[in-house]
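Heads up, the thing below is written out as structure tokens.
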Amino acid sequence: MANSKHKKHFGFSIAAILPVLLLCNAFWYASAEIEYLSAVGDPGMRRDSLRVAIESWNQCNEVGEQVPHMGSPRAADCFDIYKASPQSNRKNCSLCNMLPYTLVHRVTEEDNKLGVGDPFLGIPKKALYDVDLYAAEKELYLGSKCEVEDNPNPWHFWMVMLKSGNMDTFAAKCPKNGIKVGPFAPDNGFPCFGIGCMNQPLIYHDYTTLRGANRTTLKGRFYGSWDLNADLSKGLFVGNDISYHSVTWEKEVGKGSWIFHHVLRTSTKYPWLMLYLRSDASHGLSGGYHYPTRGMSKIIPESPNFKVRFTLNVIKGGGPNSQFYLVDMGSCWKNNGKPCDGDVTSDVTRYSEMIINPNTSSWCTPDHLSVCPPYHTFPNGTRVHRNDTAHFPYAAYHLYCSPGNAEYLETPYSLCDPYSNPQAQEILQILPHPVWGEYGYPTKQGEGWIGDSRTWELDVGRLSQSLYFYQDPGTEPARRKWMSIDLGTEIFKDPDQVAEWTVSDFDILVPKQ
């Protein structure tokens, strides 16, 4: 009897306090909800007054040589849009009614054609006749013309990046892990048709203009070819063995996002090409460079607290060797965990990339541990070593390679290509797999690929904090700041392949302080 009374009393107590518990629970969740703000100057690509630039690099992220009549391989399309004055409503202003908006371009064709030997405001004397330094200074100059004041920092432009993997080993233009080396015999790892194979591409520019029946469609383009004798007027795909790059941007005034439409084609002479759309640091170094850059990221996202959002539509994949990156993160810190300072002998570029091309398989297997990271960390913090064949998710990794200047590597190991960055590099490439699902990434092959256009919101910060990156034993863990976030593809040594895709709604979100 006493027992039943006790149960009744207990039931009454729960009923009485349940609403209070629910209210407290709701309050706790509300207080735990993180408020985000955009780290980029053009959140979601919705600003009508566009800022976009293009840069081109050779295999080791230098210029090497300019292309005749092209100038230094940096150019920008930056404009402000203005609505016609109220006088346009007058009946006698028929021209005003036909042109409801006006574009004012901040970068001229003369600016874009600047090349070595052409002075411009602010260029140091030592850079005037150095093709590599000149390009870096020209980017800063173009940035000054495109700069938009903002809080907490000004910003400049979305960056289109072009790169060729061709490397002339006899030319000795690329250092080895940041240290200059002399000529050496051709290497099968690097394509080169002979003298001049590391040339920059032709870059043509259609300035953004107002189009359409109502002059409310904004559209512009950068395009060209690495094949310097290419006649682009004959078309691309009618028996022409030519490389090609194109990025077209389009938007309706006052509506939605810019849509960036990319096309990349390889050729027999240029089988290893890259095309990315990047949000780079607006000041300081960006991922993979040892020069100050200009970009869209007014706040540098830092692990583990940031997200990346975008819409991706892959139209053509680029063939079986197209390492199409759903998202590519670039950072830089030394092996002792300290930030990079431009010293290429001790700086290390760190990359993490998810490849969504379903033709790309896992090279990391129990039989090939040298291309696996030493350990994997699950979202709950559990860490498993690559020797743990029962629990390590080998299929989640395409490959891992170690920096060539690391002194305490765990064996077995595989070193990264020592030539394709101005300093040593470390690369971690992941594949769609269930272990990445909690971060919003694809969990199976084919997700996000051709025919599966979708908007992604990826918890890049939390994922990037969990990934393995080398550091010297006993050193303070590096702050993982990602100066470059980009999307695009690297077609790896495969001629006559075409990749085509669109990107829109691109944004990087960081917690509001």
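The values are calculated or read from the model by the stated rules, or taken from the named source; none is laboratory data. What you see is a predicted model, and the numbers here were worked out from it, not measured in a lab. Methodologically, a virtual Cβ is constructed for each residue, glycine included, from the backbone with ideal geometry; neighbour enumeration extends over all protein chains shown. These area figures cover heavy atoms from the full protein model, side chains too; ligands, DNA and RNA do not enter into them. Shrake-Rupley method; radii C 1.70, N 1.55, O 1.52, S 1.80 Å.
Annotations
- Using 0.36 nm per residue and subtracting the Cα-Cα separation, the extra length available between THR248 and ARG479 on full extension is 79.6 nm.
- Percentage of interatomic Cα-Cα distances in the chain larger than 41 Å: 24 percent
- Approximating the spin labels as points 7 Å out from Cα along Cα→Cβ, the THR209-to-ASP231 distance works out to 2.5 nm.
- Per-pair calculated FRET efficiency, R0 = 35 Å: ASN305 and TYR408 via Cβ, rounded to 0.05: 0.75
- Which of PRO183, ASN214, ALA171, positive extreme of dipole for region 169-228 (C-beta unit charges): ASN214
- An oblate overall shape is assigned to region 403-513, the ratio a/c of its alpha-carbon gyration tensor axes (a ≥ b ≥ c) being 1.5 or greater and a/b not exceeding b/c.
- Cβ-placed point charges (K, R +1; D, E -1), dipole of the chain about Cα centre in debye, nearest 20: 1660 debye
- Nonpolar atom fraction for region 101-176, defined as the carbon and sulfur part of the 1.4 Å probe accessible area, stands at 53 percent.
- Carbon and sulfur %, accessible surface of region 390-513 computed with the full protein complex present, 1.4 Å: 47 percent
- Summing charges over all other residues whose Cβ lies under 14 Å from the Cβ of ASN387, with Lys and Arg as +1 and Asp and Glu as -1, gives -1.
- Positive-end residue of SER346, ALA136, TYR82, charge dipole of the chain with Cβ unit charges: TYR82
- Region 254-339 - percent of accessible surface contributed by carbon and sulfur, probe 1.4 Å: 55 percent
- R0 of 45 Å, Cβ-Cβ distance LYS180-ALA84: FRET efficiency to nearest 0.05: 0.20
- Amide proton proximity set for GLY317, modelled H, under 5 Å, gap of 5+: GLU500
- Among LEU103, PRO119, TRP155 - extreme Cα towards positive end, dipole of region 43-184, charges at beta-carbon: LEU103
- FRET efficiency estimate (nearest 0.05) - Cβ-Cβ, THR102 to ALA390, R0 60 angstrom: 0.35
- The lysines whose alpha-carbon is closer than 23 Å to the alpha-carbon of LYS444, local same-chain residues fewer than 8 away aside, are LYS307, LYS316.
- Candidate aspartates and glutamates - alpha carbon under 18 Å from LYS338, same-chain residues fewer than 8 apart omitted: GLU302, ASP347, GLU407, GLU426, ASP472, GLU476
- Full-extension gain in nm, ASP472 to SER370, via 0.36 nm per residue minus C-alpha separation: 34.9 nm
- Residue-normalised accessible area of the chain, expressed per residue, 1.4 Å probe, Å²: 44 Å²
- Distant-in-sequence amide contacts of TRP57, defined by a placed amide H-H separation under 5 Å and a gap of 5 or more residues or a different chain, comprise LEU162, LYS163, SER164.
- With DNA, RNA and ligands ignored, accessible area of ASP118 (1.4 Å probe; Å², nearest 10): 60 Å²
- Cα centroid separation, region 325-401 to region 239-268 (Å): 31 Å
- Maximal additional length on extending the GLN465-GLN513 stretch stands at 15.3 nm, based on 0.36 nm per residue less the C-alpha distance.
- Note on LYS219: aspartates and glutamates with a C-alpha under 15 Å away, same-chain residues under 8 apart excluded, are ASP48, ASP77, ASP80, ASP206, GLU250, GLU252.
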